[in-house]
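Inspection log for the structure reproduced underneath, given as structure tokens.
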Amino acid sequence: MSTTTATPTTPSSSPATDGGRPVIDPATGTVIRIVSDSSLAEVDAAVERARAALHAGEWPSLTRTARGRLLLRVADVIEAAAGELYRLETRNNGRPVTETRAQLSRVPEWFRYNAGLLAAQRDAVLPSDGPYLTYQRRAPLGVCGIITPFNHPLLILARSLSAALATGNTVVVKPSETTPLSTLALAELLTEAQVPDGVVNVVTGGREVGERLTGHPHIAKITLTGGTEAGRAAAVATAHRFARVTAELGGKTPIVVFDDIEPEVAAEGAAFAAFVAAGQSCVAGSRFLVHRSTYDRFVQALARRADAIRIGDPSDPATQLGPLVSAAQRDRVLDLITAGREEGARVAAGGGVPELAAPLDGGFFVQPTVLADATMAMRVAREEIFGPVAVVVPFDDEADAIAKANDNRFGLGAGVWTRDLARGHRVADRIQAGMVWVNDHHRLEPSLPWGGIKESGTGRDAGTESFDDFTWLKTVVVRTAADDVDWYGTGTPGRLN
């Protein structure tokens, strides 16, 4: 296993240099560590190590049972180190420790789930006319690249990595240059779990490193979570060699709130959808479509909840909202709030930067914000904000709600809040999104395929869909008749389609 080294340093805000890239604590703006960017030659070397491990040594000779046991061992090692991992990830991406603990406690589930799929996997036997036995086999794709984002580094990595390893592939991982620390820590844990050398390799750095990995001729599949433009570039790069790509990209999640549910109840759920992870989630509830008859009560209830959220040090268990990941992301969110104001939206809660004592005054915080009286023509109702901003738009009836929900270039997640479960099923069926929650949000399981449509991406992570997509399918046809095939002689002729 190969990892990039990371050494402590003094605070700095400089970009990547020959000496490395500063990794920033977003709660204080200070440097946690310097991490060296991988050179393009190091990316190539990581791919070559993965290729070597794929074809020689211990990995290709492992039985399915042994590979399954290895995945279970990885799960156990991660579980034992959970405390260290969630504290490190909290410091690196600023998500409150209570949220990070809840999320990372589930990471081992993905390794156990895919170990279970491996144990239960059966090869299909297909019907054939005549004296033939026809069956299918699945084989690993080869070397797979996994490119992960800053918002959920370990969880998103675990979804793809567990499936890739279960199916016998080797992997090169590139974490976000903003949040590489928990991935580097995981690489050390994989060594502890006795994952063979070269099976999992980590490269670090920014766009150039990602482009080198995506475009590498020996990468058989890329899984990427990121922005739509990054996904489009990956799709183009992989298309040249017909490699596979799974891309979970942007979102502008609509949350439809009907008038048969108490506005205060819906607002509680809406607050979680909008403000968990400081809104830095592709499925964050960012467009709230609320029936006009209960619109004002809903806005008031959501604004009260937003104003009551505790902002502070993400390592403090009492904190409910941490910082955004970077100064650039904070400034972009503030610019979009300003644009919403200028287009006529009303700031019902938040709208600015909270006043916090040192050292948090150097962090990248934004108040949980509610923009009411918005229209679907506004930028804030159409663009992905990726911050703690809820945009509220009224609707008149079910048809209007569905039309507004689908009036967007994204199609990742959606939510429906209603006491009428028939309506919930009906509306969920008509909303154009890869995932729809009814009376809840952000629920996930290893068995649930995760992904979107339209500009939210292609393919699925998790579930049997992801497991199967890390393999290629081979069909084997065996003639079982005792006599020979002799097309041009006196023997039994074969059969043509």
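Bear in mind these aren't lab numbers, they're just calculated from the coordinates by the rules spelled out. What you see is a predicted model; the values in this text were computed from it and never measured. Heads up, the Cβs are rebuilt from the backbone with ideal geometry, glycines too, and the neighbour counts pull from every protein chain shown.
Got a sec? Charge dipole of the chain, +1 on Cβ for Lys and Arg, -1 for Asp and Glu; which of Leu141, Val172, Ala274 is way out at the positive end?
Of the candidates, Leu141 comes out farthest on the positive side.
If one takes the longest principal axis of the Cα atoms in the chain, at what angle in degrees, from 0 to 90 and to the nearest 10, does the Cα axis of helix 421-430 lie?
Roughly 70 degrees, rounded to the nearest 10.
Does a label point 7 Å from the Cα of His55, set along Cα-to-beta-carbon, have any residues of the stretch 189-221 with amide nitrogen under 13 Å, and which are they?
218-219
Which value, in nm² and rounded to one decimal, describes the direction-averaged projected area of the C-alpha convex hull of the stretch 253-438?
With the hull built on Cα positions only, its mean projection is 9.8 nm².
Let me have the relative contact order for the stretch 253-438, percent, based on Cα pairs under 8 Å that are six or more residues apart.
Computed over the stretch 253-438, the figure is 28 percent.
Placing +1 at every Lys and Arg Cβ and -1 at every Asp and Glu Cβ, with all other atoms neutral, what dipole size does the chain have around its Cα centre, in debye to the nearest 20?
700 debye
Would you mind pulling out the separation of the Cα centroids of the stretch 307-342 and the stretch 375-425, in Å?
For the stretch 307-342 versus the stretch 375-425, the Cα centre distance is 22 Å.
With each label point set 7 Å from Cα along the Cα-Cβ vector, what nm distance links Asp123 and Ala357?
It is 6.7 nm.
Let me have the relative contact order for the stretch 346-389, percent, based on Cα pairs under 8 Å that are six or more residues apart.
It comes to 41 percent, rounded to a whole number.
For Val236 and Glu268 in one chain, what is 0.36 nm times their gap in residues minus the Cα-Cα distance, to one decimal in nm?
Here the segment from Val236 to Glu268 would lengthen by 7.4 nm.
Once the Cβ-Cβ distance between Ala481 and Thr134 is put in as r, and R0 is 22 Å, what FRET efficiency do you end up with, to the nearest 0.05?
Once the sixth-power term is evaluated, E becomes 0.95.
If you look for lysine pairs in the chain that are eight or more places apart or on different chains, how many of them have Cα atoms under 22 Å apart?
For the chain, qualifying lysine pairs total 6.
Taking the Cβ of Ala422 as the center, what net charge do the other residues with Cβ under 15 Å away carry, scoring Lys and Arg +1 and Asp and Glu -1?
Here the count lands on 0.
Taking every DSSP beta bridge with both residues inside the stretch 253-438, roughly what % is antiparallel (nearest 5)?
Just about 10 percent of them are antiparallel.
Using DSSP, restrict attention to beta bridges with both residues in the stretch 367-472 and report what percent are antiparallel, rounded to the nearest 5.
30 percent
Order these by the 10 Å Cβ neighbour count, fewest first: Asp469, Asp440.
Sorted ascending by nearby Cβ count, the order is Asp440, Asp469.
Just to be sure I understand: of the beta bridges DSSP finds with both ends in the chain, what percent are antiparallel, rounded to 5?
40 percent
Could you work out the relative contact order of the chain? I mean the mean sequence separation of Cα pairs under 8 Å and 6+ apart, divided by the number of residues, in percent.
Relative contact order for the chain comes out at 18 percent.
Quick one: Cα centre-to-centre distance for the stretch 153-183 and the stretch 85-110, in angstrom?
Their Cα centres are 15 Å away from one another.
Could you put Glu342, Glu79 in order, starting from the residue whose Cβ has the fewest other Cβ atoms within 10 Å?
Listing Glu342, Glu79 from fewest to most nearby Cβ atoms yields Glu342, Glu79.
With the dipole of the chain worked out from charges on the C-beta (+1 for Lys and Arg, -1 for Asp and Glu) around the Cα centre, which of Asn439, Ala27, Val74 lies farthest toward the positive end?
It is Val74.
For Glu465 and Asp396, compute 0.36 nm times the residue count separating them, minus their Cα-Cα distance, and round to one decimal in nm.
21.1 nm
Modelled label-to-label distance, Arg297 and Gln194, 7 Å Cα→beta-carbon offset: nm?
The two pseudo-label positions are separated by 6.2 nm.
Please work out the C-alpha center-to-center distance from the stretch 270-305 to the stretch 190-211 and express it in whole Å.
38 Å
Would you mind counting up the charge near Ala124? Only other residues with Cβ under 15 Å from its Cβ, with Lys and Arg at +1 and Asp and Glu at -1.
With Lys, Arg at +1 and Asp, Glu at -1, the neighbours total +2.
Would you tally the net charge around Val347, using a Cβ to Cβ cut-off of less than 11 Å, leaving Val347 out, and scoring K and R as +1, D and E as -1?
Value of the local net charge: +1.
Set Lys and Arg Cβ to +1 and Asp and Glu Cβ to -1, take the dipole of the chain about its Cα centre, and tell me which of Pro314, Thr369, Val43 lies farthest positive.
Most positive-ward Cα: Val43.
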